[in-house]
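For reference, the structure is listed below as structure tokens.
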Amino acid sequence: MSIQQTTTSLLGRDTDPVAAGYHLRDLATGDAASAVAILSRLAGNRDRLAESDPAIIGALLRVVHTLLVQDRSESSLEIIGSLTPEVMEQIDDSLPPETSNRHLLLHLLTMARSRESLQVFVEILKQRPPTDWMDAAQMLSPLMQHDDWPVDAVFPAALECLSEPALAASLLDLANYLVRHGRVAEHPAAGMLDTLTALLGQVSSRLGFFEDNPRAFGDDVPTVQKRLAEAVALAVALCDSLALIGDESAIGKLNQTVLLRHRRVQCEAAGALAKLGDEEGRKRLIELAGDPAARLRAIAYADELDFGNEIDETYRTPDATAEAEMALWLSQPHQMGVPPTNVEVAASRRLLWPSFDDPVDVTLVRFEYNMGERGYSNIGMTGPAVFTMACDLADMPIDDIFAIYAGWHADHQDIFSVPTEAMNEAQQRAMETFQQHLQHLGYEELKPVLLGLFLDERAGVFTATREGTACVVITDGLETIDQATAGRSRPLSGEDLFNLYKGRKMLRTFNP
């Protein structure tokens with residue numbers, strides 16, 4: 001079946017979802033030229049496209065986008081640049097409602113970066129704006145990665161979309177980028193000062209209302225997180241825009257914003273006030289350096305504005321920086337969403353580490369959240385990466401905490417795991433051997449979880465009991481590690497234990 005025939009089979013209201021899965025898999029094996037053929041077929045069948053299953057069409061858009069961008073080769077980029085903007089607009093206009101991945105189609109227009117493609121892109125934004133701010137950010141990202149596109153093809157026309165919640169932050173971020181990189185003599189939104197200050201007042205009021213009543217943003221966690229992230233992104237972009245425009249009439253609204261409890265917003269507002277010469281903004285930045293979640297940005301702004309010497313040097317130490325990195329990471333919407341109640345360094349070592357050629361500083365940071373009668377605490381890592389395990393590491397020996405993070409961070413084609421349901425016969429036989437070994441060691445009620453492959457070595461992970469205590473255990477026949485799971489709210493999983501196993505081996509080898 002040709003690409004055109006396969007694509008056509010995915011269109012229309014009577015498409016079989018099961019068959020569509022096979023056809024999508026076939027199309028995914030193509031190349032950039034195949035993607036162009038698919039787009040041509042979609043543009044030529046607009047009526048059937050409009051009647052199609054949104055889920056299938058969304059998956060097809062993902063396939064097309066991947067085929068065009070996966071290798072980033074010069075030929076693929078030339079093909080993207082040759083896409084006809086009007087054809088892309090026709091396809092977008094014909095997509096069935098609720099189609100996912102629309103933003104990927106528009107992302108191709110901004111990747112092309114021609115005047116024609118950008119003008120079509122802006123028109124689509126006006127007519128059919130995105131509803132997710134992360135999608136909007138991806139669509140605009142090529143314009144912040146390249147300086148070879150005509151600014152007047154986007155601004156000021158795109159600013160007509162500032163009333164769209166999902167677009168406003170990304171558009172202002174792009175405008176701020178152009179100012180910082182000297183591509184425009186004046187901020188694109190300088191003539192909209194009253195609009196920007198009013199918008200900042202609105203979003204600040206909304207965030208303040210949220211702080212008093214989190215349910216104001218929705219009844220479920222994903223909705224609340226999405227709306228909070230959107231509001232924070234807009235507040236941050238507005239503060240930055242007002243600082244770059246440099247009009248002191250914005251100080252009143254910025255003073256309202258700096259009173260919010262959200263540390264990121266508070267820091268951005270204080271930074272904007274300081275840039276506008278407001279003394280209270282300068283003082284607030286110096287104070288915020290004492291807050292781990294705001295420390296890094298507060299110091300960066302103070303240094304930029306030449307009063308960094310007024311910040312206590314204890315906030316610049318490696319330990320203070322590690323605590324700040326962890327607090328900032330935890331504060332992100334896709335993590336905890338709020339800063340921890342307390343952070344402190346648990347241990348710090350300079351180690352040869354997976355994926356690094358030279359020794360790196362690795363710091364373990366203990367954090368906790370006090371939530372009335374409930375609490376949450378754990379130990380995360382900073383240095384090679386900032387991350388914290390979902391499982392509880394608080395009572396684990398420090399050497400093992402370093403090891404489990406080393407195992408998690410290892411990235412090698414010969415280091416992976418195979419779950420029980422995916423094992424072949426040879427792997428099943430290996431697991432049987434490991435199970436017999438564990439039985440000899442006194443483990444009972446053994447159930448296989450996964451087979452870990454570590455370069456030339458193999459190890460089996462099982463759930464089990466030992467002396468009546470439930471646990472998860474791993475063995476390679478020579479070394480055996482177990483961790484109790486009974487009575488723990490966040491016990492180690494089989495994958496966590498494999499991370500501990502390989503991390504121990506790597507750190508022993510790298511750091512004898």
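Bear in mind that the values in this text are calculations on the coordinates, not laboratory data. Please read these numbers as outputs of a predicted model, since none were measured by experiment. Cβ sites come from the backbone with ideal geometry, for glycine too, and all protein chains shown count toward neighbours.
Structure notes:
- Potential lengthening of the chain between GLN332 and GLU74 amounts to 89.3 nm, from the contour at 0.36 nm per residue minus the alpha-carbon distance.
- Ascending count of other beta-carbon atoms within 10 Å, so fewest first, for LYS502, LYS447, LYS126: LYS447, LYS126, LYS502
- Placing dummy labels 7 Å off each Cα toward the beta-carbon, the span from ASP291 to VAL18 is 5.6 nm.
- Helical runs assigned H by DSSP (4 residues or longer) give the chain a calculated mean residue ellipticity at 222 nm of -16500 deg cm²/dmol, each run adding -39500 (n - 2.57) before division by the residue total.
- Relative contact order (%) - criterion: Cα under 8 Å, at least six apart; region: region 267-390: 16 percent
- Taking N as the residue count of region 146-269, its C-alpha radius of gyration divided by 2.2 N^0.38 Å amounts to 1.08.
- Spin-label model, ASP152/ALA390: points 7 Å from Cα along the beta carbon direction are separated by 5.3 nm.
- Residues of type lysines that LYS226 reaches as a straight line, Cα spacing below 27 Å, ignoring anything fewer than 8 places off in the same chain: LYS126, LYS253
- Cα-based shape type of the chain, given that a ≥ b ≥ c are square roots of the gyration tensor eigenvalues and the cut on a/c is 1.5: oblate
- 28 Å Cα-Cα reach of LYS447 towards lysines, excluding residues that sit fewer than 8 places from it in its own chain: LYS502, LYS505
- Placing unit charges on the Cβ atoms only, positive for Lys and Arg and negative for Asp and Glu, gives the chain a dipole magnitude near 380 debye about its Cα centre.
- Surrounding net charge for THR341, when Lys and Arg each add one and Asp and Glu each subtract one, Cβ distance under 15 Å: -1
- Theoretical gain in end-to-end length, SER2 to ASP194 [0.36 nm per residue, Cα-Cα removed]: 63.5 nm
- Label-to-label distance, VAL87 versus GLN127, with points set 7 angstrom from Cα along the beta-carbon direction: 1.8 nm.
- Contact order normalised by residue count of region 251-340, Cα under 8 Å, 6+ apart, percent: 20 percent
- The chain: relative contact order in percent, alpha carbon pairs under 8 Å with at least 6 residues between: 7 percent
- Potential lengthening between ARG429 and ASP306 on full extension [0.36 nm per residue; Cα-Cα distance subtracted]: 37.6 nm
- Candidate aspartates and glutamates - alpha carbon under 20 Å from LYS275, same-chain residues fewer than 8 apart omitted: ASP173, GLU186, ASP194, ASP240, ASP247, GLU248, GLU287, ASP303, GLU304, ASP306, GLU310
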